[in-house]
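> Pasting a structure below so you can have a look.
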């Protein structure tokens, strides 16, 4: 009984802390995983930044995951995100 | 300042871009859609207890938590303002934006279940991710209203108030900057924003920026 309780508590904690293998990626690194843009967080794991299929549904136009390198008001922004299909090209992949 | 000006008797209306009754109707719509309730933060005993705990832990002062932050737990949204009544720090458009932000937290609650709540409390990197997603609604709303997006760095810096580390703030700033690129290309990423923009386009299209 006690063991079951301990395992249950561990399972809940694990679930809560998103227990998963560490990817060992660099902070802020991005990639496309299928049509999902992902970003590496401070704990060294990739997490979803945006699901471009969902973005397409919400926006009423097709979006694809692609690498962008743009000069913006925030400075130079580089990484993977969802862009209109017409701009997508074949620039996906981790950097 | 804007909220204060909007709250002035007689002349306040001059500073109101969106009308109080429109803000109220918008909140009503979002609450109906997401099945949420709104509770005044200052009169909620549970919020007094949370404020006390945060103060005792040295995370945030009681006063600041109760006055400056809207908080969502499950489907209950605790606001430090009366919806549709402008006041200092809470102008009418800001009330619209915060409504969308908090409802994106409800979307997260629905999507992830208990793990959302637990990781939000227990894991700083996870908290930064949840807030990065919710703050994305703020920039989506800003783009609809003004045709521009606010500084990702500045937006992300508010995470310091959430007990996040500098590295969490850094990755959030990058996440928001990349999201802003998508938004400026016409993307609507968050579910709460999609629902909100549907209502705003129909009821207050005059507020939409040209080209947004």
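The values are calculated or read from the model by the stated rules, or taken from the named source; none is laboratory data. All values reported here derive from a predicted model rather than from experimental measurement. Counting neighbours? That spans all protein chains shown, and the Cβs are built from the backbone with ideal geometry, glycine included.
> How many residues does the range A:57-85 contain that are closer than 21 Å to residue B:191 by Cα and more than 9 Å from chain B (Cβ to nearest Cβ)?
4
Conditions (1) part of a loop (DSSP other than H, G, I, E, B); (2) within 18 Å of the chain's Cα centre (by Cα), marked per residue:
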site	(1), (2)
B:140	no, yes
B:149	yes, yes
B:154	no, yes
B:168	no, no
B:173	no, yes
B:183	no, yes
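> Something else: I'd like the residue in the range B:154-173 that is modelled with pLDDT of 95 or more and either in contact with a strand residue (DSSP E or B) (Cβ under 8 Å, 6 or more places away or on another chain) or at the interface with chain A (Cβ under 7 Å from one of its Cβ atoms) (or both) and, out of all such residues, is farthest from residue A:49 (Cα to Cα).
So, considering only residues that are modelled with pLDDT of 95 or more and either in contact with a strand residue (DSSP E or B) (Cβ under 8 Å, 6 or more places away or on another chain) or at the interface with chain A (Cβ under 7 Å from one of its Cβ atoms) (or both), the one farthest from residue A:49 (Cα to Cα) is B:167.
> Could I ask something else about it? Looking only at the range A:58-84, count every residue that is without any contact (Cβ under 8 Å) to a residue 24 or more places away in the chain and either loosely packed, with under 13 Cβ neighbours inside 10 Å or farther than 22 Å from residue B:195 by Cα (or both) and tell me the total.
Residues flagged as without any contact (Cβ under 8 Å) to a residue 24 or more places away in the chain and either loosely packed, with under 13 Cβ neighbours inside 10 Å or farther than 22 Å from residue B:195 by Cα (or both) within the range A:58-84 amount to 12.
> Kindly list the number of the only condition in (1) at the interface with chain B (Cβ under 10 Å from one of its Cβ atoms); (2) at pLDDT below 95; (3) assigned to a strand (DSSP E or B) that fails for residue A:37.
Failed condition: (2).
> What is the one condition in (1) within 7 Å of chain A (Cβ to nearest Cβ); (2) surrounded by fewer than 17 Cβ atoms within 10 Å (Cβ to Cβ) that residue B:146 does not satisfy?
(1)
Here's the yes/no breakdown for (1) touching a strand residue (DSSP E or B) at 6+ places or on another chain (Cβ under 8 Å); (2) touching a residue at least 24 places away in the same chain (Cβ under 8 Å); (3) within 19 Å of residue A:72 (Cα to Cα); (4) more than 10 Å from every other protein chain (Cβ to nearest Cβ):
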position	(1), (2), (3), (4)
B:175	yes, yes, yes, no
B:183	no, yes, yes, no
B:203	no, yes, no, yes
B:208	no, yes, no, yes
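> For the structure I just gave you, tell me whether residue B:131 is part of a helix (DSSP H, G or I), surrounded by 22 or more Cβ atoms within 10 Å (Cβ to Cβ) and away from every other protein chain (no Cβ under 14 Å).
No, not satisfied.
> Among the residues that make up the range B:117-137, is at least one of them touching a helix residue (DSSP H, G or I) at 6+ places or on another chain (Cβ under 8 Å) and either within 21 Å of residue B:203 (Cα to Cα) or touching a residue at least 60 places away in the same chain (Cβ under 8 Å) (or both)?
There is at least one residue in the range B:117-137 that is touching a helix residue (DSSP H, G or I) at 6+ places or on another chain (Cβ under 8 Å) and either within 21 Å of residue B:203 (Cα to Cα) or touching a residue at least 60 places away in the same chain (Cβ under 8 Å) (or both).
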